[in-house]
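*Asks:* Dropping the structure in here first, questions after.
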Amino acid sequence: MKKLHFGLFENAQANDSGRATWRHPENQRDQYDTLDYWMTLAKVCEEGGLDFLFLADAWGWAEVNGERPDIASVEGLDLPRLDPFIVASAILAHTSKLGVVMTGSTLLEQPYAFARRMATLDQLSGGRTGWNIVTTGTADTAVKAFGVPMVAHDERYEMADDFVRLVYKLWEGAWEPDALTKDKQGNFADPAKVHTIDHQGPYFTSQGYGNSAYSPQGTPVLFQAGASPAGRAFGGRHGECMFVGGGTVEQLAAHSKAIREAAVESGRSADSVKVMAEFRCIIGDTKEDAQRRYDEVLASQTPEVTIASYAWFTGLDLSAYDPETPMTELHTELSQSQVSRFAGLTVGDVLKDWHEHGVGSKAFVGTAEEVADHVIAMAEGANLDGFLLSPVIQPGSTIDFVEKVMPILRERGVVAPSEGSTLRERLTESTSPTLPADHPAVSARAYESVTAAS
Ligand code: 9WY
Ligand code: RBF
């Protein structure tokens, strides 16, 4: 079995992934807007030996039939939130080993400015950054807010392809890694190693010099989570780390296999993509104790939250359908994985399911030993490289996992050693902080072919 990597899944808002758990007496998620909250979590992650903290993100808001329902404000479901890049900056400043992965939208960001923002964080952190590339699953309200046209689901991935090809040129091709000499008796930068880029794509164009020099990793570690056919193909081409929603071992195994096949189709090796699954659990001293704790969490959910939350990610109002309607009859231009993962179920089944775990997966409820057994069985059964812990209660669930489950997993020898100072070295067991030769970004180092030809 592969050695496993672990990250913490978070959102810079008061609730997690479409459920309203902030009222739970032990949940401190409502403190998401304080530096203390993030510093506590960063310390738990770093001292607990997790590889990274992951910040998901959404623009836009929940709308049911064109209106934001009051429940969204009553429960802090979708808004307000903080900017993940600025939260990341604070976390990176207060840690020395932990990686931070932030979600950035190729629908809404400006690639030239975005490239500099990521390079800045990679530079200041000594190469501890990752980018979760999303096309924005909540696109319908987000485009209204930004005043830009809506782009259909699959076309958003074409746009994403153009976006990444431009930022690859800026990160990999504009400044050679050793361009800065900072020699007080000579050059600050070697003019022969500073290049212009030229990108004329279907969606984005840019010409001229990059605004920041080569950062420790060049390109941040590329995460991707899209699970639709277009998302998976994109992930196979560009992703180094695919984040998959939890499910049964069989579902995860099929998903992990499909992602590796997509990588091979793009000329990369099946193992060049790390597949990491979301994992949510409630740990108790006994199974009954864990179940009692989980029941308390479920008691805070209301059916109104379920409707608003499902509409937020898909634009679909499930309350308007006959509960017997098969999910395969529905279609969305927002987050397609939130429809397709329910194939075989009816609208009524999904309402029940979503009520329990929203956009995420069903929690595993048990003792620390049982959780460890389950984690190992999932990893073995689905050929996984690791997990993103999606805590139910913060920081309690994360502390429980690192204090009670991680030691068992370490004792069983299944935790990756996570060596190296950059996030890429930690996650990929590579001895280089930069991308491997089979990644498409490497061709953006156009100066290499010029040098080779001359
Ligand atoms: C996230 C996990 O439709 P797709 O599934 O390909 O524009 C659509 C795209 O944003 C959706 O992709 C959406 O599902 C992707 N997505 C996530 C998907 C999965 C499966 C585990 C996490 C995701 N996290 N889209 C995000 C996120 O934080 N922000 C986002 O916009
Ligand atoms: N965000 C989306 O915009 N669309 C999705 O389909 C979606 N699926 C997710 C699935 C899982 C298993 C997890 C853990 C997160 C997902 N997210 C998705 C991220 C969601 O938490 C984020 O967009 C928001 O920041 C929630 O507040």
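The values are calculated or read from the model by the stated rules, or taken from the named source; none is laboratory data. Everything quoted here is computed from the prediction, not taken from an experiment. Note that each Cβ is placed from the backbone with ideal geometry, even for glycine, and that neighbours are counted across all protein chains shown. When the accessible area is computed, the model is the full protein with side chains, heavy atoms only, and any ligands, DNA or RNA have been set aside. Shrake-Rupley method; radii C 1.70, N 1.55, O 1.52, S 1.80 Å.
*Asks:* Step through the table entries Lys287/Lys404; Lys3/Lys97; Lys257/Lys352; Lys3/Lys274; Lys97/Lys193; Lys144/Lys169, compare each Cα-Cα distance with 22 Å, and write down the pairs that go over it.
*Replies:* Working: Lys287/Lys404 15 Å; Lys3/Lys97 19 Å; Lys257/Lys352 29 Å; Lys3/Lys274 11 Å; Lys97/Lys193 30 Å; Lys144/Lys169 30 Å.
As for pairs spanning more than 22 Å Cα to Cα, those are Lys257/Lys352; Lys97/Lys193; Lys144/Lys169.
*Asks:* State the percentage of accessible surface on the stretch 119-274 attributable to carbon and sulfur atoms; use a 1.4 Å probe and exclude ligands, DNA and RNA.
*Replies:* Working: 3400 of 6440 Å².
Reported share for carbon and sulfur atoms: 53 percent.
*Asks:* Moving on. Just the Kirkwood number for the stretch 293-426, please: inverse of mean 1/r across all distinct Cα pairs, in Å, one decimal.
*Replies:* Details: mean 1/r = 0.0575 Å⁻¹.
Mean inverse Cα-Cα distance, inverted, gives 17.4 Å.
*Asks:* Right, next: Once the dipole of the stretch 21-160 is set up with Lys and Arg at +1 and Asp and Glu at -1 on Cβ about the Cα centre, which of Met118, Val151, Ile71 lies farthest towards its positive end?
*Replies:* Met118
*Asks:* With a ≥ b ≥ c taken as the square roots of the eigenvalues of the C-alpha gyration tensor of the chain, please select rounded if a/c is under 1.5 and otherwise prolate if a/b is larger than b/c or oblate if it is not?
*Replies:* Numbers: a/c = 1.72, a/b = 1.39, b/c = 1.24.
Prolate shape, in that a/c is at least 1.5 and a/b is the bigger ratio.
*Asks:* Using DSSP to call loops (not H, G, I, E or B), can you name the trypsin sites (Lys or Arg not before Pro) in the stretch 348-440 whose Cβ has at most 16 other Cβ atoms within 10 angstrom?
*Replies:* Passing sites in the stretch 348-440 are Lys362, Arg412.
*Asks:* Filter the chymotrypsin sites (Phe, Trp or Tyr not before Pro) in the stretch 242-334 to those in DSSP coil with at most 15 other Cβ atoms within 10 Å of their Cβ, and list the result. Before the final figure, lay out each step's value.
*Replies:* On the way: sites: Phe243, Phe279, Tyr294, Tyr310, Trp312, Phe313, Tyr321; in loops: Tyr321.
Counting only loop positions with at most 15 other Cβ atoms within 10 Å, none of the chymotrypsin sites (Phe, Trp or Tyr not before Pro) in the stretch 242-334 qualifies.
*Asks:* How are the C-alpha pair distances of the stretch 333-381 spread across 5 Å bins, as whole percents from the shortest bin up?
*Replies:* Calculated P(r), rounded to whole percents: 4, 17, 19, 18, 17, 15, 8, 1, 0.
*Asks:* Nearest-5 percent of antiparallel DSSP beta bridges in the stretch 267-401?
*Replies:* Details: 1 of 8 bridges.
Close to 10 percent.
*Asks:* With a/c under 1.5 counting as rounded, go ahead and sort the stretch 34-91 into rounded, prolate or oblate using the C-alpha gyration tensor (a ≥ b ≥ c being the square roots of the eigenvalues; past the cut-off, prolate if a/b is larger than b/c, else oblate).
*Replies:* Prolate.
*Asks:* Same structure, new question: Within 10 Å, count the other beta carbons around each residue, average over each peptide in 183-195, 383-395, 429-441, and list them highest first. The partial results should precede the final answer.
*Replies:* Values: 183-195: 11.9, 383-395: 23.8, 429-441: 16.4.
Result, highest mean first: 383-395, 429-441, 183-195.
*Asks:* Moving to a separate point now. Determine by what factor the alpha-carbon radius of gyration of the stretch 247-371 differs from 2.2 N^0.38 Å, reporting the quotient.
*Replies:* Values: Rg = 17.2 Å, N = 125, 2.2 N^0.38 = 13.8 Å.
The value comes to 1.25.
*Asks:* Treating the beta-carbon of each Lys and Arg as +1 and of each Asp and Glu as -1, no other charges, what is the dipole magnitude of the stretch 114-167 about its Cα centre, to the nearest 20 debye? All intermediate terms of the calculation are to be shown ahead of the outcome.
*Replies:* Working: 6 positive and 7 negative charges, 73 e Å.
The calculated dipole for the stretch 114-167 is roughly 360 debye.
*Asks:* With every protein chain in place, what's the accessible area of Ser449 (1.4 Å probe, Å², nearest 10)?
*Replies:* In the full protein context, Ser449 sits at about 70 Å².
*Asks:* Rolling a 1.4 angstrom probe over the protein chains, ignoring ligands and nucleic acids, what is the accessible area of His94 in square angstrom, nearest 10?
*Replies:* Rounded to the nearest 10, that gives 120 Å².
*Asks:* Once Rh for the stretch 291-352 is found with the Kirkwood sum over Cα pairs, what is the Stokes-Einstein diffusion coefficient at 37 °C and 0.692 mPa s, in µm²/s?
*Replies:* 264 µm²/s
*Asks:* If you don't mind, there's one more thing I want to ask. Checking a compactness column here: for the stretch 207-299, what do you get for Rg(Cα) / (2.2 N^0.38 Å), N being the number of residues?
*Replies:* Rounded to two decimals, the normalised Rg is 1.53.
*Asks:* Give me the percent of DSSP beta bridges within the chain that run antiparallel, rounded to the nearest 5.
*Replies:* Rounded to the nearest five, the antiparallel share is 20 percent.
*Asks:* Give, rounded to the nearest 20 debye, the magnitude of the charge dipole that the stretch 23-156 has about its Cα centre when Lys and Arg contribute +1 at Cβ and Asp and Glu contribute -1 at Cβ. It would help to have the intermediate numbers written out before the result.
*Replies:* On the way: 11 positive and 19 negative charges, 88 e Å.
It comes to approximately 420 debye.
*Asks:* Report, in debye and to the nearest 20, how large the dipole of the chain comes out about its Cα centre when Lys and Arg carry +1 and Asp and Glu carry -1 on their Cβ. Each step should come with its number before you reach the end.
*Replies:* Values: 38 positive and 63 negative charges, 253 e Å.
Taking the Cα centre of the chain as origin, the dipole is about 1220 debye.
*Asks:* Per residue, how much accessible surface does the stretch 28-127 expose to a 1.4 Å probe? Answer in Å², no decimals. Please list the in-between numbers first.
*Replies:* Details: 4090 Å² over 100 residues.
It amounts to 41 Å² per residue over the stretch 28-127.
*Asks:* Apply the a/c threshold of 1.5 to the C-alpha gyration tensor of the stretch 80-188 and tell me whether it is rounded, prolate or oblate. Show your work: numbers first, answer last.
*Replies:* On the way: a/c = 2.71, a/b = 1.59, b/c = 1.70.
Cα axes put the stretch 80-188 in the oblate bin.
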